[in-house]
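Worksheet: the structure to be examined is printed underneath.
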Amino acid sequence: MEMKPHRAVNYRAELVGVFGYPVSENPTGVMQEAAFRELDLNWRYLTIEVEPEELADAFVGLKAFKMRGINLTIPHKVAVLPFLDEISAEARLMGAVNTVYREGNKLIGENTDGKGFMTALRTDASIDPAGKRVVLIGAGGAARAIATELALAKAKTLTIINRSPERGKSLVELLENRIGVDAHFTPWQEKHSIPPDTDILVNSTSIGLFPDIEESPDINYESIHSGMVVCDVIPNPPKTPFLRKADKRGAMTLDGLGMLVYQGAIGFRIWTGYEAPVRVMRQALEKEFAE
Ligand code: NDP
């Protein structure tokens with residue numbers, strides 16, 4: 001009987017994923033798995049439910065399985081910090097980590113949310129934020145990540161409009177005292193007008209996210225003009241009422257799906273060492289959200 005020639009096989013997959021609670025509606029696996037298939041990589045992205053009090057055990061498991069990295073989503077982005085050996089300067093400033101990768105036995109924390117936004121701004125809108133006047137609506141985790149990156153990229157001024165003054169002022173404090181950018185908090189008024197000299201306007205609240213797809217921030221949309229770039233963090237649906245109204249005013253718009261794809265692409269590159277197939281990743285998510 002003729003034997004098959006010997007060849008080295010490796011059925012072991014490299015593992016990454018996300019810890020969250022709840023996590024079942026997190027769509028990141030769809031785009032990362034599409035990227036692994038596109039590059040023919042034997043990698044898997046696992047969507048893992050981890051309750052807050054089990055995060056320490058989850059990290060023991062991550063190390064035992066030799067996972068290559070992990071994303072963190074609600075409620076673990078801040079709670080993860082004690083489990084890391086190193087934290088990037090930006091993630092340290094924001095006080096939150098959404099991507100962990102392994103270098104030898106070290107676990108290193110990074111935050112790609114704001115960097116994904118910056119890539120969308122630079123790549124898809126050809127905008128350099130240096131010297132720009134920015135207005136951010138919202139002061140939660142997404143706003144902190146975006147504002148930090150914009151400040152580090154030398155935006156001229158950052159104005160934060162937020163419903164709760166505590167969170168708005170805390171973000172301004174971070175921007176002014178720790179990064180040294182000119183930042184202001186403005187309490188959110190009814191039909192809030194956006195200053196005419198604004199270059200970049202960002203909705204970084206969760207208003208407009210599925211299933212509340214008819215909702216939009218209460219601002220005076222007449223105050224938006226064609227000289228502004230208007231951005232939304234909401235990935236699903238990508239075309240929010242906020243962006244539609246800005247579109248009607250003649251402004252250039254950037255959706256939150258781009259930010260989501262680019263932040264995932266940064267994670268993909270950190271983990272695998274390969275450039276991410278961003279077009280394939282975006283198409284995978286568009287198809288997912290359309291169903
Ligand atoms: P947080 O809970 O940390 O912050 C939510 C923000 O929205 C706060 O500023 C909150 O104001 C404000 N807000 C919520 N509802 C209302 C309302 N009805 N009226 C006024 N203000 C409101 O959430 P995150 O910052 O983590 O996430 C925000 C959004 O960003 C989510 O929809 C998420 O999907 C999206 N996101 C998108 C990413 C992407 O890659 N595209 C990445 C990360 C997040 P207050 O402080 O007053 O409560």
Exercise for the section: Check cross-link reach from Lys106 to the lysines: straight Cα distance under 26 Å, and skip same-chain residues fewer than eight apart. Expected result: Lys63, Lys66, Lys77, Lys115
Practice task
Would you check the accessible area of Met252, probe 1.4 Å, heavy atoms only, in square angstrom rounded to 10?
Solution key: 90 Å²
Exercise for the section: Note down the relative contact order for region 114-254 as a percent, whole number, built from C-alpha pairs under 8 angstrom at least six residues apart. Expected result: 22 percent
Problem - region 30-162: C-alpha gyration tensor shape, a/c 1.5 cut-off, then a/b vs b/c - result: prolate
Problem - Relative contact order (%) - the chain, alpha-carbon pairs under 8 angstrom, separation at least six - result: 16 percent
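Just reorder His6, His225 by solvent-accessible area, largest first, 1.4 Å probe, all chains present.
Sorted by accessible area, descending: His6, His225.
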Exercise for the section: Give the whole-number value, in cubic angstrom per residue, of the convex hull volume spanned by the C-alpha atoms of the chain. Expected result: 152 Å³
Exercise for the section: Could you order Leu93, Leu243 by accessible surface area, starting with the largest, using a probe radius of 1.4 Å? Expected result: Leu93, Leu243
Completion exercise
In the chain the DSSP beta bridges are antiparallel at a rate, in percent to nearest 5, of 20 percent
Handout entry: Whole-percent carbon and sulfur share, accessible surface of region 114-254, 1.4 Å
Key = 48 percent
Problem - Probe 1.4 Å, accessible area per residue of region 114-254, Å² - result: 45 Å²
Problem - Mean projected area (nm²) of the alpha-carbon convex hull when region 114-254 is viewed from all directions - result: 7.3 nm²
Practice task
Taking each pair of different alpha-carbon atoms in region 193-291 once, compute 1/r for the pair, average those values, and report the inverse of that mean as the Kirkwood hydrodynamic radius in Å to one decimal.
Solution key: 14.4 Å
Problem - Residue-averaged 222 nm ellipticity for the chain, from DSSP H runs of 4+ at -39500 (n - 2.57), nearest 500 - result: -9500 deg cm²/dmol
Handout entry: Reachable aspartates and glutamates from Lys169, criterion Cα separation under 15 angstrom, eight or more residues apart if same chain
Key = Asp182
Completion exercise
Here the percent of antiparallel bridges among DSSP beta bridges lying wholly in region 99-160, to the nearest 5, is 55 percent
Exercise for the section: Take every DSSP beta bridge whose two residues both sit in region 1-107, then give the antiparallel share in percent to the nearest 5. Expected result: 35 percent
Completion exercise
The convex hull of the Cα atoms of region 87-172, divided by residue count, gives a volume in Å³ per residue of 93 Å³
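The values are calculated or read from the model by the stated rules, or taken from the named source; none is laboratory data. Keep in mind that this is a model prediction, so the values were computed, not measured. Note: accessible area is taken over every heavy atom of the protein model, side chains too, but ligands, DNA and RNA are not part of it. Shrake-Rupley method; radii C 1.70, N 1.55, O 1.52, S 1.80 Å.
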